[in-house]
Amino acid sequence: MEVGKHPGGVPISLSYPEIPLYAFLENSARKYPNRTAAIFYGNRIPYCRLWNESLRLAGALSRLGLEKGDRVAILLPNGPQFIIAYNGIMAAGGVIVPINPLNPSEEIAREIKESGAENIIILDRLLNKVSEKPPGNLIVAEAAAYVPWHLRTLSRLRGEKWSPKSSLSLERLLKEPPLVELPQIDPRKDAVTILFTSGTTGPPKGVILTHRNLVANALQSYHWLRGWGYSAKPQPAGWPVVVCAVPFFHSYGMTVGLNESIQFGCTLVLIPEPNANTIMNAIRDYRATHLPTIPLFIREILSHPDLPGKDLTSLTSVVSGGSRIEPELVNRFEELTGATIYQGYGLTEAGPGTHCTPIEGSPNRRTVGLPFSDTEARVVDLQLGEIDLGPGEKGELLVRGPQVMKGYWNDPEATALVLKDGWLHTGDIVEEDVEGFLYIVGRKLDRIIAAGHTVWPSEVEEVLGTHPSVNKVVTIGVPDPLRCATEVEAFVTLKIGVEQKGIEDDLLELCARCLDYFKVPAKITVVNSLPLTVIGKVDRVAVEAALKRRLQEHWTSGP
């Protein structure tokens, strides 16, 4: 990207300290020992306590035999235990394997086994998600350990599978002596985490991110918004108060919610079970100033019946990522809060952030912005993946920068397919305009070939999403074995209170008016619900798997 196209005030290049990732917490604890680092159900926890308990856990893990490079799985929601486990494992030289507790038990077991994690740190209420004791240690965190005392009596443990004799208490380990001599870390080479993601191809794979990857991405994001200091309204005195509703076990929540906030010494309002009401209450009660979010949360807040009674005007900045959001919703949320909303793009293989909308100038609601500092971007042809395309041409996005992953865990073949000469082949189809702004078209693997033409699901979904009755929509290619062809089919959910009768015909007519003939779905089906990913996108893989089962049952059972 040309220098002139970089946002004013944002460095084209940054200086990245050669430090381990846990140094963010260590430095903030040294500079602001008594500042509130985390608020959890009203309980305020200072930076000095989080760092001290991280060191105590590091000491306990080392005495339990953890060596540098050993993997430790954690199944924890957004709470103090996650921050302590995250930093304690790092400080002991271990590699963090954050696992989505919402995954099926079979997938959780697969990720634990594939990563080689012999130790697990798990919330007591999630014990039913683990089918057997790990080869090493099962460390159980008490859900109520960090809530105010009057709430602890209301907490009830459930789902324990093993007696206390076969597991260890996290809270007891945090009373042990801290680790004094921390292992040497090479930030450029040493892995800090393995994050499982469906990524660019196939089933979930472990993405290896180094200390430098995550240090760099947190600083890239921070400097892009200049510490969230730019907004349409004056900034309050002090430091940002950040609502952390996006899960830390997801790369977006980990970098933008956790790492970026900790390095700046912010106060993190931790929300373990996010929904519109808890997010609104957190903003109101703690006068939060910054909100990393996803479109799902914005939609739910704007449609919540209690919204008129909530004061959200303390917000000065909001970052939305994970999936596209309708421009009118962005406008409404900015009008409601007075905050400035930025939209970003990324993928787990890049730490995750690579692009964000500028902090100045007239907003463009349809773009995901320009590349971060030190981040190069190319749009290449879909056939060879080597020819650079011009403005307005659709091709695959390639990115290169200090945040790009080391590779996939134990999968050199998959790594070689997506990492070539330092360039990460994202698998995302995009186009750029003449100023270098990026627009997302869809996933390369989601391309539908119908009637000999390419159809991108996003093109159909964007049209259907304009209908006032539609809530969510997903478009997929459905094979027709009899005709040896593929048809475009869409599934939609409707907004509450909408009458379903005749709506499918209305939607087909809308598509016929707005789309080329080969993009018009052969069928539009209204369903009660659609599966969602943890960041609120329709889970296309789950929809396709369900459809595949349906087709198999049809063709095996006969008409």
Next item on the list: Would you give the gap between the C-alpha center of the stretch 253-322 and the C-alpha center of the stretch 339-370, rounded to a whole Å?
Entry: 17 Å
Check: Within the stretch 309-326, whose backbone N sits under 13 Å from a point 7 Å along Cα→Cβ of ASN364?
Finding: none
Notebook entry, point to check: Under a plain spin-label model, where a point goes 7 Å from the Cα along Cα-to-Cβ, how far apart in nm are SER303 and ASP285?
Noted result: 2.6 nm
Next item on the list: Measure off 7 Å from each Cα along the Cα-to-Cβ vector at ARG447 and VAL180, then give the distance between these two points in nanometres to one decimal.
Entry: 6.1 nm
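Where both partners of a DSSP beta bridge lie in the chain, what percent of those bridges are antiparallel, to the nearest 5?
On the way: 49 of 83 bridges.
Once the DSSP bridges in the chain are tallied, antiparallel ones form about 60 percent.
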Margin query: Quick check for me: using +1 on Lys/Arg Cβ and -1 on Asp/Glu Cβ, what's the dipole size of the chain about its Cα centre, in debye to the nearest 20?
Written below: 1900 debye
Notebook entry, point to check: What order do you get for 363-369, 175-181 when each peptide is scored by the mean count of other beta carbon atoms within 10 Å, highest first?
Noted result: 363-369, 175-181
Item checked: Gained length - ARG332 relative to LYS31, 0.36 nm times residue gap less alpha-carbon distance -> 104.5 nm
Next item on the list: Positive end of the charge dipole of the chain (Lys, Arg +1 and Asp, Glu -1 on Cβ, about the Cα centre): tell me which of LEU389, ASN78, ALA490 has its Cα farthest that way.
Entry: ASN78
Next item on the list: Return the distance in nm (one decimal) between the two label points of a simple spin-label model at ALA545 and ASN275, each offset 7 Å from Cα along Cα→Cβ.
Entry: 2.5 nm
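Which of the trypsin sites (Lys or Arg not before Pro) across the stretch 1-110 are loop residues per DSSP, with 16 or fewer other Cβ within 10 Å?
On the way: sites: LYS5, ARG30, LYS31, ARG35, ARG44, ARG49, ARG56, ARG63, LYS68, ARG71, ARG110; in loops: ARG35, LYS68.
The qualifying sites are LYS68.
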Checklist line | Contour minus Cα-Cα distance for LYS495 and GLU376 (0.36 nm per residue) | finding: 38.8 nm
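Here, each number is a calculation from the coordinates, and none is a lab measurement. Not measured: the values here are computed from a predicted model. Cβ sites come from the backbone with ideal geometry, for glycine too, and all protein chains shown count toward neighbours.
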